[in-house]
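To start, the structure under review is shown below, and the notes come after it.
The values are calculated or read from the model by the stated rules, or taken from the named source; none is laboratory data. Source: prediction; values computed, not measured. Note: ideal-geometry Cβ built from the backbone for every residue, glycine included; neighbour counts use all protein chains shown. Calculation scope for accessible area: heavy atoms of the full protein, side chains included, ligands and nucleic acids excluded. Shrake-Rupley method; radii C 1.70, N 1.55, O 1.52, S 1.80 Å.
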Amino acid sequence: MNFSLTEQDRFFAQAAVGNLEDKPSWKPFMKKGVTPKWSRDRVVDVRHIKLEIKPDFKQRSISGTCTLTVSPINDGATFLDLDACEMEISSVKVNGDKADFRHDGETLTVHFGRELKADQPIDIAVSYTAKPRRGAYFVGPDEHYPDKHLEFWTQGQDEDSRYWFPCFDYPNEKATSEILVEVPKGMASLSNGKLVSTEPRGDHELHHWKHDVPHVAYLVTLVVGNYVKVSKEWDGIPVDYYVPPGREADGERAFGRTPEMVKFYSEKTGVRYPYAKYAQITAEDFIFGGMENTTATTQTALTLHDERAHLDFSSEPLVSHELAHQWFGDYLTCRDWSHAWLNESFATYFEAMWWEHSRGDDEFKYYLDGDWKVYLAEDKGSYRRAIQTNVYNEPLDLFDRHLYQKGAVILHHLRKLLGDRLWWKAINRYLTSNAADTVITQDLATALEEVTGRNWDWWFAQWIYGGGHPQFKLKAKWDDKTGTLDFSILQTQKQDELTAIFRTPARVRFVGKGLDETREFEIDKPAHRYHLALAKRPEWIAFDPGNSIPKTVELDFSEDMLIAQLQHDDDIMGRVHAARALAGKATLKSEQALEKALHDDKFWGVQAECAAALGKLHTSGALDALCRASKLKHPKARRAVAGALGEWRGSDKAADKLAQMLNKDESYYVAAEAALALGKGRTTGAYDHLLPALARDSHVDVIRSHVFSAFCELRDMRALTVLHEWAAPGKPQQARYAAVSALGRLAKESTEEKDKRAAREALEPMLEGEFRLVMSAISGLGALKDAAAIPALAKLARATHDSRLKKRALDTIEAIRAAQGTPKELKELRDDYDKLKDEYEKLEERLDKLEQLRANGKHTGNGKTRSQKKPGANGKPKAKPQKARARR
């Protein structure tokens, strides 16, 4: 909300009333009609999962037997439903005897033939084959990428394990596990727990992995391929990593500090790493950044990097995040997806705390500020939601910036409210009280209350069950006559059913000659106004030193106050906020202060903020200042300088400096940012500077990717031919994905319909490719905004088994229709039609499956057909295929 009032008294009076709105100012997380999701019922307790499996690389199939040891929870169980998608079930045995079963392609119903007693364990052995389209993936050389590493890897979260072995695929069930896998001789395997034995089997080997701590089905993992194992340890626990041959040095840069992380988390939580080993393995074409499978994390191969990338790129955030999950997500697992923040927010905050431990307090604070900015972008640009909610379509809907980044910053706020002693005591209580179990949010609240003796319901109500954040505006005016400061703290966020006025203690530091005083205020109203008697006039004021309150803040202070804070505040976030505020003061004094800090500040993050502020000032002096700063020591500061130089459209001076940075800077990422800024500048020579950069390899092809984005900013249609060329199969994959996305974006700006049509016709066939290519094609079509692409996107949404692709396709269709100006009434009718059509096609598909199964005599273990639909696995309605996710 923007206020144009300038008089403090009028502003105070307005804010004191509050801003309760009839309609929310934010976009809803889910559309109306989405029903709540509740935790699944359990008919049995799954005690052990034993998989005997053989991946076939030539056929891209798997075959084997899954044996589940289960015990009924109550007397009288006569059947059990298991999740088993797209498998051919050849036989089912219960305690060694053949059993009747029914399988409709998604749910496997096993009939016991008698009533079982509670706690009576039985073994259910299911023999099956599958060519999985989800859950398990074969990656390897093909005609376009003949050097691609040959691999088989699995990915279970959220509910995709059901595609590669029959199971109860929901997070409220934990069991021990073992895998016996036949692998081609010479290949390595990695799975959960210990490698118990290796036996020769002709031209294969049998690897036996066993894990003896209960975990959920989505954490069961298997990776097979040609890898080099590098062994390390911490306190007697093996800490290994596996990389393709020849990537050992890159692997050390990525994973070398893992033993230190295991030590840090073990000592800080007071819970020693709870498993037999910890290992990491890379995966080509991995559909996430990393996945915290118990004892055996799968990491994207893209995290491997060379020495030049290591100048300003680190794998440690990814590595520490996935390792933290071994405690938060694996040892303790959210009982249902609505409580997934207990997995992801904790892992994201512990990732930041590793950064604090390894890089220091300044880096830590700025790291969390980066997390907060990512959340703010989602809150402002996409939607607002409560962190804990059970209203969603698919579990993956919840894996967003609220769950990861906002949750991490909120946990930091909690830590600062508690103090480190009580924080770590509460963390230990939470872990030990729920060891190897499933958890809900109340379990954390209980641990906090037990440790502190205080009720934290108010904190959970506003931060976990509510949405939004406080939006502060501060005003200060000194009265020489009375020696008092008229100081106001205002919360300007709109109030509605999701977002309220926040309650929080807030410290404020007042500094001047002979004055350095910190006072604490309890904030719980829309506006607080204080008349503070201070010994001296403050020269600068720091609100929330240390930046422990999740918030936005507007500093309505004098220019002199902001400059003084930028120069003298010993807290980097105070200097950061001052630099951001000075971006709105287009004076010579501010310009000079920002340039001075750009060169003199000891922390690169403050330098970066000064560069960004100078870019926003957009004066000739600011341009000169940025040009003089192109060789700052820290590459991330230089990257910010390059980005700021892109604010000067049509400036040859800026373009010349950016061209130098593109061609000469030692950092891949600085060169990439310079390329993008060149495009934004739109000078006549920019295209000729950019084109040669496509010959340069870089980490994750960041330079080429930024060049393609620069072409879109430049709007030079000569680049369309280049983008078509780089979007073709055989080009380096990361560059290809970027070119595919950029193709639609640039074609959108063309005045020629043939360019738009050519782009659409090139992009639509890519909707049938592998995951990341499809995501890039959707992005390109979304940018193109061509209504003719809607049928292809709708077909993808109906056919895909990946909920991320489905959601992205449907969101893109909606955006294209909105761009066409579709009347509201027509849109509602079309939405209803699409919903009915989708339901009809699912019903038709199900009927076809049933008819086919009847015709083939495979519907039941004895040829019988089902007369009625049973509940889904362990009592749940039949499960739908579901999605996948990003940083885990």
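Of note:
- Applying the criterion of being in contact with a helix residue (DSSP H, G or I) (Cβ under 6 Å, 6 or more places away or on another chain) and assigned to a helix (DSSP H, G or I) to the residues of segment 236-254, the residue that is surrounded by the fewest Cβ atoms within 10 Å (Cβ to Cβ) is ARG253.
- Helices (runs of 4 or more DSSP H) contained entirely in segment 641-760, each with at least 2 residues that are in contact with a His (Cβ under 9 Å, 6 or more places away or on another chain) and touching a residue at least 60 places away in the same chain (Cβ under 8 Å): 668-681
- Unmet requirement for MET291, which otherwise passes all of (1) closer than 30 Å to LYS633 by Cβ; (2) touching a Ser or Thr at 6+ places or on another chain (Cβ under 7 Å): (1)
- Among the candidates TRP456, TRP540, residue that is of a type outside the set (Asp, Glu), out of contact with any strand residue (DSSP E or B) (no Cβ under 8 Å at 6 or more places or on another chain) and either open to solvent by less than 20 Å² (accessible area, probe 1.4 Å) or closer than 22 Å to LYS585 by Cα (or both): TRP456
- Some residue of segment 692-699 being at pLDDT 95 or above, hydroxyl-bearing (Ser, Thr, Tyr), within 26 Å of the chain's Cα centre (by Cα) and farther than 26 Å from ILE813 by Cβ: yes
- Looking across segment 799-817, the residues that are assigned to a helix (DSSP H, G or I), among the charged types (D, E, K, R) and closer than 20 Å to TYR392 by Cβ come down to ARG804, LYS806, LYS807, ARG808, ASP811, GLU814.
- Of all residues in segment 652-693, those satisfying the criterion of being among the acidic types (Asp, Glu) and surrounded by fewer than 24 Cβ atoms within 10 Å (Cβ to Cβ) are ASP652, ASP656, ASP665, GLU666, ASP688.
- Filtered residues of segment 746-789 (kept if in contact with a helix residue (DSSP H, G or I) (Cβ under 8 Å, 6 or more places away or on another chain), surrounded by fewer than 22 Cβ atoms within 10 Å (Cβ to Cβ) and under 18 Å from ARG718 (Cβ atoms)): LYS748, GLU749, SER750, ASP755, LYS756, ALA758, ALA762
- Residue list for segment 278-322, restricted to those being of a type in the set (Phe, Trp, Tyr) and either free of Cβ contacts under 8 Å to residues at least 24 places away in the same chain or in a loop (DSSP other than H, G, I, E, B) (or both): PHE286, PHE288, PHE313
- Residue check, GLY512 on the phi < 0 side of the Ramachandran plot and surrounded by 20 or more Cβ atoms within 10 Å (Cβ to Cβ): no
- The residues in segment 782-812 that are over 23 Å from the mean Cα position of the chain (by Cα) and not acidic (Asp, Glu) can be counted, and the count is 14.
- Out of LEU311, LEU318, LEU302, one residue alone is open to solvent by 10 Å² or more (accessible area, probe 1.4 Å), in contact with a helix residue (DSSP H, G or I) (Cβ under 8 Å, 6 or more places away or on another chain), of a type in the set (A, V, I, L, M, F, W, C) and under 20 Å from GLN405 (Cα atoms). It is LEU318.
- Reported count of residues in segment 545-593, each being touching a strand residue (DSSP E or B) at 6+ places or on another chain (Cβ under 6 Å), assigned to a helix (DSSP H, G or I) and open to solvent by 20 Å² or more (accessible area, probe 1.4 Å), is 2.
- Scanning segment 280-287 turns up no residue that is within 27 Å of GLU363 (Cα to Cα), among the small types (Gly, Ala, Ser) and surrounded by 18 or more Cβ atoms within 10 Å (Cβ to Cβ).
- Residue in segment 44-57 that is farther than 30 Å from VAL139 by Cβ, modelled with pLDDT of 95 or more, open to solvent by 80 Å² or more (accessible area, probe 1.4 Å) and not small (Gly, Ala, Ser) present: yes
A quick yes/no check of all residues on (1) open to solvent by 10 Å² or more (accessible area, probe 1.4 Å); (2) of a type in the set (A, V, I, L, M); (3) at pLDDT 95 or above:
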position	(1), (2), (3)
SER91	yes, no, yes
LYS98	yes, no, yes
GLY105	yes, no, yes
ALA125	yes, yes, yes
GLY135	no, no, yes
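- Yes/no for GLU233 being closer than 17 Å to THR297 by Cα and part of a strand (DSSP E or B): yes
- Residues that are part of a strand (DSSP E or B) and open to solvent by less than 10 Å² (accessible area, probe 1.4 Å) within segment 149-186 comprise GLU151, PHE152, TRP153, THR154, CYS167, ALA175, SER177, ILE179, VAL181, VAL183, listed in sequence order.
- Checked against (1) open to solvent by 10 Å² or more (accessible area, probe 1.4 Å); (2) touching a Ser or Thr at 6+ places or on another chain (Cβ under 8 Å); (3) more than 28 Å from LYS664 (Cβ to Cβ), ARG639 meets all criteria but (3).
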